[in-house]
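Notes for the one structure printed next.
The values are calculated or read from the model by the stated rules, or taken from the named source; none is laboratory data. Since the model is a prediction, treat every value here as computed from it, not as a measurement. Glycine gets a Cβ as well: all are built from the backbone with ideal geometry, and neighbour counts include every protein chain shown. Ligands, DNA and RNA are stripped out before the accessible areas are found, and what is left, the full protein with its side chains, is counted by its heavy atoms. Shrake-Rupley method; radii C 1.70, N 1.55, O 1.52, S 1.80 Å.
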Amino acid sequence: MKKSETGQTETMDSLAAVFRYHEETKHHFYRFARALGYLDWANQPDPFRRYHGAPLIPLPILASGEEPVSPLYDDLYCPGVVPTQVLSLHSLSRFFEYALAITAWKQAGDVRWALRSNPSSGNLHPTEGYLLIGAITGVASTPGLYHYAPKEHGLERRADWSKDGFAQLMKPFPPQAFLVAFSSVHWREAWKYGERAFRYCQHDAGHAIGATRIAAAALGWRMMLLGDIGDDLLHELLGLDRAGDFEGAEREHPDCVAVVWPSGAVRREASGVRSDKIVKVPLFLDENVAQGLASVRWYGKANRLSRDEPVPWDIIDEVVTASWKSSAGRRCIDSPVEPSDFSTHHPSPITPHGDRHRADAEPVPSAGRIIRQRRSALAFDGKTGISAQRFFTMLSRVMAQDERPVPLRPMPWDAIPWEPAVHLVLFVHLVEGLPPGLYVLVRNQGKKEVLRRAMHGQFAWVIPPDCPPTLPLFLLQEGDVRRVAAQVSCGQDIAGESAFSLGMVAEFEASLHQHGAWFYRRLFWETGVIGQVLYLEAEAAGLRATGIGCFFDDPVHQVFGFAGTAFQSLYHFTVGGPVEDPRLTTLPPYGLDH
Ligand SMILES: Cc1cc2nc3c(=O)[nH]c(=O)nc-3n(C[C@H](O)[C@H](O)[C@H](O)COP(=O)(O)O)c2cc1C
């Protein structure tokens, strides 16, 4: 699976393998991507990984009124407004609750399944979460590596780390910083979706990144993906290379690691002069120190998730190898101690500071409530619309504002250390004051002309009525696009009966040629983060959303005029008025009733 070097030939081979995987796993009107063609229910993978023999430290189950209480949802988007929580057992518990915990159990007849803060394609949850942290009262008196166990809401201690080693590893980072990492069990998705599953695992990793950044924001913490770290190191650091610990169990593949830090801790340690308002955040870990940490005492053996061996899908093994990041960089990024120090120079375009009320004067709900109530809509009513103002606000929140340096970008884009490479093509059905039709949101402002040239020549590119000047949204063609939206989304009505649906179109060829085959996964992560923002925005607007991984790739491209592989639609999404299924019962998580 692993690569150790990236010679020129290997890079070309990797690129070719990634292009081949992408092409082969497209859904066509006449042929779906290869899968078993039936569901082997008896072999369904367990969505909950445990490490048997690893000590489990339960995190406290907190009611919504307990400390730390949630900030207002809209305050997540106002830099500097959310107070910084002290790093403690309680704040860590909230952090994991908002990022990866169970939010409800659903029941239909005798069947029960869990829903989580982070969504997942087919609710199969391939993403596993890890924590790498120093001593915390109530957790442990020495640093360690933990696996997050969502069913128990607890931390399984996988490895002991020396105090000195951990201190050395984290020395270049802000005070009290810790690391959060993700891995994927590809088999969990491949069980149902076959060859296309690798894509879904990457979407889900992106959702987890988004959910985690938002969870950190709710505690007044900052986060940055360590984009320069190579996969070999992460594999080792998380103990995923320890064959003995996975004997007879399905393997996990490293996705990414992020540094999280309470910005208030930096503030307390800074003297207040201008130069202290910047902290340098490396986008890498010191390999020697990290490797030293990985050779410590380990606990636990991974549980087996399926009755039988995973069904092999060679093309997934190939794309895993091809998109493995074997190179590592050593970039540092300047981050402000206080985002609000800078926000006055870069006002947010549509939701300025202090805007605590919606246009209709309804009080804004708490972030915790929105996170807990997030669900995917199973059906839409085809009637409920959204105001143009709210629609513009939602779209503004997926704008990374790429004219700013990364750390000064709005949350969650301040955690994503690459230039936005994904644009939205929209099917607008029911946005009050806007004509229905095809639209485009240009997320990287310098790319308007490239996009325009790549799309149908007859498109109008008109600025919609009352669109804020800072939002690069364009009406391409008026018309009723409900049928075509559903048709290209594998015939799913949820794409046509909503207020709007959309495709996330990546600058595919240029990004892969510029960065390498490993960037393939990052393109999907970016779409997952966009999706996570929109899921919560839909709830905040009194609506509901659903991610759509099942769509006919090339027919989508044809609707908008994209030829070749310069641009590729990677993920779809829909937002509207939900229709509840009365056969489903909802039960609270962890015995709580918020
Ligand atoms: C990447 C991704 C792709 C998805 N694709 C579809 C889809 O094509 N059709 C659909 O009805 N739901 C889709 N969903 C919704 C999931 O089925 C849903 O997230 C999952 O059942 C968990 O439910 P929850 O979102 O309410 O927590 C998708 C979700 C994600 C994250």
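Here are a few things to note about the model shown:
- Subset of Lys26/Lys448; Lys106/Lys383; Lys383/Lys447; Lys192/Lys383; Lys171/Lys277 violating a 23 Å alpha-carbon distance limit: Lys26/Lys448; Lys106/Lys383; Lys383/Lys447; Lys192/Lys383
- Region 30-105: relative contact order in percent, alpha carbon pairs under 8 Å with at least 6 residues between: 30
- The radius of gyration of the Cα set in region 491-561, together with its Dmax, comes out at 14.2, 41 angstrom.
- Radius of gyration and maximum dimension Dmax of region 459-505, Cα, Å: 12.5, 35
- Averaging 1/r over every pair of different alpha carbons in region 114-269 and inverting the result gives a Kirkwood radius of 16.5 Å.
- Rounded to the nearest 20 debye, the dipole size of the chain about its Cα centre is 540 debye, using +1 on the Cβ of Lys and Arg and -1 on the Cβ of Asp and Glu.
- Distant alpha-carbon pairs in region 159-235 (separation over 17 angstrom), percent: 61
- Cβ-derived FRET efficiency at R0 51 Å, Ser141 paired with Arg452, nearest 0.05: 0.30
- Kirkwood hydrodynamic radius of region 193-268, Cα pairs, Å: 14.6
- 5 angstrom amide H check on His423, placed H, neighbours 5+ away: Val505, Ala506, Glu507
- Computed from the alpha carbon positions, the gyration tensor of region 410-542 leads to an equivalent ellipsoid with semi-axes of 24, 18, 16 Å, biggest first.
- Debye, to nearest 20: dipole size of region 136-210, +1 on Lys, Arg Cβ, -1 on Asp, Glu Cβ: 100
- The string of couplings for region 54-67 from the Karplus curve (6.51, -1.76, 1.60, θ = phi - 60°) is 7, x, 9, 9, x, 8, x, 7, 9, 6, 5, x, 7, 6 Hz, one whole number per residue in order, with x for Gly and Pro.
- For the chain, with +1 on Lys and Arg beta carbons and -1 on Asp and Glu, the positive-most of Asn43, Leu87, Gly496 along the dipole: Leu87
- Distances between placed amide hydrogens fall under 5 Å for Cys256 paired with Phe182, all partners being 5 or more residues away or on another chain.
- For region 366-488, the Cα gyration tensor yields ellipsoid semi-axes of 24, 22, 13 Å (square root of five times each eigenvalue, largest first, whole Å).
- Distant-in-sequence amide contacts of Ser366, defined by a placed amide H-H separation under 5 Å and a gap of 5 or more residues or a different chain, comprise Tyr73.
- Most to least packed among 580-590, 559-569, 308-318 [average Cβ atoms within 10 Å]: 559-569, 308-318, 580-590
- Surface composition of the chain: carbon and sulfur make up 52 percent of the accessible area, probe 1.4 Å.
- Disulfide-incompatible cysteines by the Cβ rule (no partner under 4.7 Å) in the chain: Cys78, Cys201, Cys256, Cys332, Cys467
- Distance between region 375-417 and region 549-594 - C-alpha centres, whole angstrom: 15
- Annotation: peptides 49-60, 498-509, 455-466, ranked by per-residue average of other Cβ atoms within 10 Å with the highest first, follow the order 498-509, 49-60, 455-466.
- Computed over the chain: relative contact order in percent, which uses C-alpha pairs under 8 Å that are six or more apart: 19
- Along its principal axes, the chain has C-alpha extents of 63, 56, 56 angstrom, given from the largest down.
- Extended-chain gain in nm, criterion 0.36 nm per residue less alpha-carbon gap, Arg251 and Asp466: 72.3 nm
- FRET efficiency for the pair Ser64 and Trp41, taken as 1/(1 + (r/R0)^6) with r the Cβ-Cβ distance and R0 = 35 Å, rounds to 0.45.
- The slack between Glu432 and Asp493, meaning 0.36 nm per residue of separation minus the straight C-alpha distance, is 19.9 nm.
- Theoretical FRET efficiency, 1/(1+(r/R0)^6), r = Cβ-Cβ of Glu580 and Asn288, R0 56 Å, to 0.05: 0.55
- Here the peptides 131-140, 239-248 are ranked by packing, the mean other Cβ count within 10 Å, and the order with the highest first is 131-140, 239-248.
- The chain - mean residue ellipticity at 222 nm from DSSP helices (-39,500 (n - 2.57) per run, n ≥ 4, rounded to 500): -8500 deg cm²/dmol
- Residues Ser183, Ser376, ordered by accessible area of protein heavy atoms at a 1.4 angstrom probe radius and largest first, appear as Ser376, Ser183.
- Cα-derived Rg over Rh, computed across region 41-196 with Rh taken as Kirkwood radius: 1.00
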